[in-house]
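What follows is a single structure, and I will ask about it in a moment.
The values are calculated or read from the model by the stated rules, or taken from the named source; none is laboratory data. Fair warning: this is a prediction, and the values are worked out from it, not measured in the lab. No Cβ is skipped: glycine too gets one built from the backbone with ideal geometry, and neighbour counts run over all protein chains shown. To get the accessible areas, we keep the full protein, side chains included, count just its heavy atoms, and leave off ligands, DNA and RNA. Shrake-Rupley method; radii C 1.70, N 1.55, O 1.52, S 1.80 Å.
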Amino acid sequence: MAYYTAKVRIAVDSPKGVKRVTEMYLVNANSVTHAEAMVTKDFEGQGIEFEVKAVSKSKIVKVIEHKQ
């Protein structure tokens, strides 16, 4: 597995109407295609309008998490 960055454009309600913002997500996946599928699955069913704009392999080699 490797880390991939996914650039996702989402629609956000604002006082002036719907605004589109781009957010970046880090995905631990087997391939670019797998990462895109994981992001899509994560957003589906949430009622959020989204579009995966790009997925690319990250230079991140490890995520160190705090364990309690």
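Pop out the carbon and sulfur fraction of the accessible area of the chain as a percent, whole number, probe 1.4 Å.
Roughly 50 percent of what the probe reaches on the chain is carbon or sulfur.
Could you tell me the accessible area of T33 in Å² (1.4 Å probe, neighbours in place), rounded to the nearest ten?
Its accessible surface works out to 100 Å², give or take rounding.
How would K67, K59, K19 rank on accessible area, largest to smallest, probe 1.4 Å?
Solvent-accessible surface, decreasing: K59, K67, K19.
Also, I was wondering about something else. Would you please give the FRET efficiency between Q46 and Q68, computed as 1/(1 + (r/R0)^6) with r the Cβ-Cβ distance and R0 = 35 Å, to the nearest 0.05?
About 0.80, to the nearest 0.05.
Right, something else. To the nearest 10 degrees, how steeply does helix 32-43 sit against the main Cα axis of the chain, on a 0 to 90 scale?
Roughly 50 degrees between the two axes.
Would you rank K16, K57, K7 by solvent-accessible area, highest first, keeping every protein chain in place and using a 1.4 Å probe?
My answer, sorted largest first, is K16, K57, K7.
What number, rounded to the nearest 500 deg cm²/dmol, is the helix-based mean residue ellipticity at 222 nm of the chain, given -39500 (n - 2.57) per DSSP H run of at least four residues and division by all its residues?
-5500 deg cm²/dmol
Given q = 0.15, 0.18, 0.20, 0.23 Å⁻¹, what are the Debye log10 I(q)/I(0) values for the chain, with equal point scatterers placed on the Cα positions and solvent ignored?
Here the Debye-derived log intensity ratios amount to -0.55, -0.72, -0.82, -0.96.
Distance from a point 7 Å along Cα→Cβ of S58 to each backbone N in the stretch 1-33: keep the residues under 18 Å and list them by number.
Flagged as within label range: 1-9, 22-33.
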